[in-house]
Amino acid sequence: MFSYLGARRLEFAGLALDDIAEDDGGLVLILRTNKFRRLKTEQSERLLPLPEESVRLGFLDYCALLQDLGYEAVFPDLFSDKTLNDPGDRFYDVFLPIMNSASGRRCGIGLSMRCATAWQMDDRPHLQFLQYHREKVFKG
């Protein structure tokens with residue numbers, strides 16, 4: 001989802017199962033304040049389309065299983081009743097080594113996933129094509 005949507009790490013880490021919904025455009029993630037996290041600003045409250053790739057990889061089945069097990073958080077392993085640590089920090093501790101290994105790039109802890117998403121987008125030929133044409137149109 002990071003690769004497609006580029007939301008803040010805590011916005012994803014703090015997703016609740018009831019933050020997944022369907023609207024006229026299809027499945028969406030509702031970014032709003034919930035019992036697991038707050039949002040950085042009022043403008044951060046928004047709907048993001050759930051990427052088809054997430055559905056294909058079984059995200060909805062995963063969420064249904066969590067609900068059947070009585071969980072409320074989409075990523076319950078990021079939370080602990082023993083500490084008040086930021087679940088976004090825990091996510092980085094687990095995910096960054098995986099991302100580094102898969103991408104062949106070294107992403108430091110100080111690097112936001114939003115920046116990493118921008119890097120990935122820069123490497124995608126179709127996005128370079130769109131950027132080129134956008135600049136051509138706006139520059140005349």
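If you sort 72, 11 by accessible surface, 1.4 Å probe, largest first, the order is 72, 11.
Rounded, prolate or oblate, given the Cα gyration tensor of the stretch 1-71, with a/c below 1.5 counting as rounded? In terms of gyration-tensor shape, oblate. To the nearest 10, the accessible area of residue 61 is 120 Å² with a 1.4 Å probe.
The values are calculated or read from the model by the stated rules, or taken from the named source; none is laboratory data. Everything numeric in this text was worked out from a predicted model, so none of it was measured. The protein model used for the area step is the full one, side chains on, heavy atoms only, and it has no ligands, DNA or RNA in it. Shrake-Rupley method; radii C 1.70, N 1.55, O 1.52, S 1.80 Å.
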